[in-house]
Each structure stands twice: as C-alpha cells, then as structure tokens.
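Working notes, beginning with the structure itself.
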Amino acid sequence: MYGYLKKFVNPYGRTIQIWNENIFISLEEEDIIKAENRLGFSFPEQLRQFYLEIGCGNLTTPENPPLDYKFYGENEILSPDAVAEIVTLPHNSGYISAEALDYMEPGDLPFFHVRDSCNFLVMRPKSDNPNAIYSDTGVLIEHEFNRFIWRLYYESPCYFERIIEAHYAALDQE
C-alpha cells in the first residue's frame, strides 16, 4: 500500500536521524505489540499497517520538490513506543508539552509530531472512525490515514495547515 515510500526506509541504518528529509526506520511487529500492550488497545488499523510496512520517521519532502524547497517542521510519525509513552505518561514523557496536552481530548492518540513539542496530529482509536486524522484542537484533517500519508507526499508535507487555517478563518467569519 505504501510502496511509494519504501525507498526512504532505513537508508542510513537505524542509528542516524536526519531531519528535513524523508526517512523511516523499520519496525518489528513485536515493537508494535509491546506498545499496544502498554496502551491497553490496538493502534488504528491503517496506522498499524503503516508501522508494519514502512515504520516510523519523517515525511518532510514532497515527491517533486522545487529546487529551492525548504521545510522547517518535523512531520514525524512517532514510533509506537513514543506514542505509548505520551499516552501513559503524558506530562513525564518528554515528548509533548503541557500546552499541547491541554488542547487534546481524552482518548486522543498523538501519533504525528508537527513541530516543537506543542503541535501534534491525533487519531481517535475508540471513535466511529479510528483512522481519521485530527489536529490537536479537534479539526478534522482527513477521514483516512492512508489518504493523509498520500497527500503529505504527493501534495505537500504541510497541506493540513491550510485545512486548519481555513477552519479557523470560517469560524472568525461567523
């Protein structure tokens, strides 16, 4: 399903992290199972499939970037362990700020680190649509995780920011 991203999996091995570049670290199923056991529930199906097929890491560069392309966010799809750490030890996880936690609803699963420790995208695994993507303030970004990943790569690594901005602009006009 994510064959278009396979060329970015483990290009430098597991120990080197290069930011502002598409790079993923493959995971073993046991990594996912251990995190799910800590959480007490399974990851949403499409996120779990992504973890198995691609892993975790950064998606910051579109398919055909312009020559002068620069991206200053992180766009990190967090590891299963990091997600479990945030959910089970939110204030002590070291991954997320108290400010970001204040925005989230109970049951939100922060899986995507946008930038600094304040901005995340979340899924709601216990909802009617566990594969949907939301901003940490509850704005619906995408109905399907698979489509979210596709749009990050084929449209823009920050396409979701336009959706959030449009949502709040519409609220301001009411």
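Are any residues in the stretch 45-98 touching a Cys at 6+ places or on another chain (Cβ under 7 Å) and among the β-branched types (Val, Ile, Thr), and if so, which ones?
Looking only at the stretch 45-98, we keep the residues that are touching a Cys at 6+ places or on another chain (Cβ under 7 Å), and these are 73, 77-79, 97.
77 - this is the single residue of the stretch 45-98 that is touching a Cys at 6+ places or on another chain (Cβ under 7 Å) and among the β-branched types (Val, Ile, Thr).
State which residue pairs qualify: first residue within 21 Å of residue 51 (Cβ to Cβ) and inside the stretch 65-82, second residue at pLDDT 95 or above and open to solvent by 30 Å² or more (accessible area, probe 1.4 Å) in any location, beta carbons under 7 Å apart, and separation of 6 or more residues or different chains.
As it stands, the answer is 80/31; 81/31, since those pairs meet every condition given.
Assuming residue 10 fulfils every condition listed in (1) at negative phi; (2) touching a residue at least 12 places away in the same chain (Cβ under 8 Å); (3) open to solvent by 50 Å² or more (accessible area, probe 1.4 Å) apart from one, which condition is it?
(1)
With in contact with a His (Cβ under 9 Å, 6 or more places away or on another chain) and surrounded by fewer than 19 Cβ atoms within 10 Å (Cβ to Cβ) as the only criterion, which of 119, 129 stands out? Steps first, answer last, please.
On the way: 119 fails: surrounded by fewer than 19 Cβ atoms within 10 Å (Cβ to Cβ).
Step by step, each of 119, 129 is checked, and only 129 is in contact with a His (Cβ under 9 Å, 6 or more places away or on another chain) and surrounded by fewer than 19 Cβ atoms within 10 Å (Cβ to Cβ).
Only one of these is buried (at least 16 other Cβ atoms within 10 Å of the Cβ), in contact with a strand residue (DSSP E or B) (Cβ under 9 Å, 6 or more places away or on another chain), of a type in the set (Phe, Trp, Tyr) and modelled with pLDDT of 95 or more: 24, 50. Name it. I'd like the intermediate steps shown before the answer.
On the way: 24 fails: modelled with pLDDT of 95 or more.
Going through 24, 50 in turn, just one is buried (at least 16 other Cβ atoms within 10 Å of the Cβ), in contact with a strand residue (DSSP E or B) (Cβ under 9 Å, 6 or more places away or on another chain), of a type in the set (Phe, Trp, Tyr) and modelled with pLDDT of 95 or more: 50.
Just to check your reading of the model, which residue among 130, 125 is in contact with a Lys or Arg (Cβ under 9 Å, 6 or more places away or on another chain), of a type outside the set (D, E, K, R) and touching a residue at least 60 places away in the same chain (Cβ under 8 Å)? Before you say what the answer is, go through the steps one by one.
Working: 125 fails: in contact with a Lys or Arg (Cβ under 9 Å, 6 or more places away or on another chain).
Every option except 130 fails the conditions.
Which residues, counting only those in the stretch 132-149, are outside any strand (DSSP E or B), open to solvent by 20 Å² or more (accessible area, probe 1.4 Å) and either farther than 21 Å from residue 41 by Cα or of a type in the set (Phe, Trp, Tyr) (or both)? Give the steps one after another, and end with the answer.
So in the stretch 132-149, the residues outside any strand (DSSP E or B) come out as 132, 136-139, 143-149.
Of the ones still in play, those that are also open to solvent by 20 Å² or more (accessible area, probe 1.4 Å) are 137-138, 143-144, 146-147.
Those that are outside any strand (DSSP E or B), open to solvent by 20 Å² or more (accessible area, probe 1.4 Å) and either farther than 21 Å from residue 41 by Cα or of a type in the set (Phe, Trp, Tyr) (or both): 137, 138, 147.
Evaluate the following for residue 33: is it among the aliphatic types (A, V, I, L, M), at pLDDT 90 or above, open to solvent by less than 40 Å² (accessible area, probe 1.4 Å) and closer than 26 Å to residue 2 by Cα? Talk me through it step by step, then tell me what you get.
Numbers: among the aliphatic types (A, V, I, L, M): yes; at pLDDT 90 or above: yes; open to solvent by less than 40 Å² (accessible area, probe 1.4 Å): no; closer than 26 Å to residue 2 by Cα: yes.
The answer is no for residue 33.
Considering only residues of the stretch 53-79 that are crowded, with 17+ Cβ neighbours inside 10 Å and of a type in the set (A, V, I, L, M, F, W, C), which is farthest from residue 111 (Cα to Cα)?
Only one residue fits best here, namely 71.
So residue 93 passes all but one of these: (1) among the polar types (S, T, N, Q); (2) closer than 20 Å to residue 145 by Cα; (3) open to solvent by less than 60 Å² (accessible area, probe 1.4 Å). Which condition number does it fail?
Status for residue 93: all satisfied but (2).
I'd like to check something: does the stretch 150-172 contain any residue that is surrounded by 15 or more Cβ atoms within 10 Å (Cβ to Cβ), among the acidic types (Asp, Glu) and more than 28 Å from residue 4 (Cα to Cα)?
no
Does residue 64 count as of a type outside the set (A, V, I, L, M, F, W, C), touching a helix residue (DSSP H, G or I) at 6+ places or on another chain (Cβ under 8 Å) and closer than 20 Å to residue 158 by Cα? Quick ask: steps written out before the conclusion?
Numbers: of a type outside the set (A, V, I, L, M, F, W, C): yes; touching a helix residue (DSSP H, G or I) at 6+ places or on another chain (Cβ under 8 Å): no; closer than 20 Å to residue 158 by Cα: yes.
When the stated conditions are applied, residue 64 does not pass them.
Determine, yes or no, whether residue 124 is surrounded by 15 or more Cβ atoms within 10 Å (Cβ to Cβ) and among the basic types (Lys, Arg).
Working: surrounded by 15 or more Cβ atoms within 10 Å (Cβ to Cβ): yes; among the basic types (Lys, Arg): yes.
So residue 124 fits the description; yes.
The values are calculated or read from the model by the stated rules, or taken from the named source; none is laboratory data. What you see is a predicted model, and the numbers here were worked out from it, not measured in a lab. Virtual Cβ from ideal backbone geometry, glycine too; neighbours counted across all protein chains shown. Accessible surface is based on the protein model in full, side chains and every heavy atom, while ligands, DNA and RNA are left aside. Shrake-Rupley method; radii C 1.70, N 1.55, O 1.52, S 1.80 Å.
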